[in-house]
Amino acid sequence: PPVEPPSQAPGQQEQHLQLMMQLLRPQDAIRLAVRLESARPRRVRYLLVVRPEEEGAEAETALLGVDFAHEGAARCTLGMVLPLWSDTQVFLDGDG
């Protein structure tokens, strides 16, 4: 049978977003955040698309991999930083 993802406590996703915002520079904004499946049962992982909010800053877009040790963790760490250039191709498959 398919494995059910662990249910998040109310407000947990908002707390995760706030903690991830603390990793960024003040001028950066999260354009997209996707929770990923993790190979480790308790670890929580996100893939972020981040770009500065200033006009014409599309060239500074980056993918960030963010890890939380467990669902209720009070801090997160950067596991990956990948700048996106105009000719970048990114392929995501399997478990990342």
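A few comments on the model shown:
- Pairs, first touching a residue at least 60 places away in the same chain (Cβ under 8 Å) in segment 73-89, second among the hydrophobic types (A, V, I, L, M, F, W, C) and in a loop (DSSP other than H, G, I, E, B), C-beta under 7 Å, six or more apart: Cys76/Leu23
- If you go through segment 74-83 and keep only what is open to solvent by 80 Å² or more (accessible area, probe 1.4 Å) and outside any loop (DSSP other than H, G, I, E, B), you end up with Leu78, Val81.
- Within segment 24-41, being at pLDDT 85 or above and more than 16 Å from the chain's Cα centre (by Cα) holds for Pro26, Gln27.
- Where strands (runs of 3 or more DSSP E) sit wholly within segment 14-73, those with at least 2 residues that are open to solvent by 80 Å² or more (accessible area, probe 1.4 Å) and within 25 Å of Phe91 (Cβ to Cβ) occupy 28-36.
- Filter result for Ser86 (part of a loop (DSSP other than H, G, I, E, B), modelled with pLDDT under 85 and touching a Lys or Arg at 6+ places or on another chain (Cβ under 6 Å)): no
The values are calculated or read from the model by the stated rules, or taken from the named source; none is laboratory data. Not measured: the values here are computed from a predicted model. Ideal geometry is used to build each Cβ from the backbone, glycine not excepted, and the neighbour counts take in all protein chains shown. Ligands, DNA and RNA are excluded from the accessible area calculation, which covers all protein heavy atoms including side chains. Shrake-Rupley method; radii C 1.70, N 1.55, O 1.52, S 1.80 Å.
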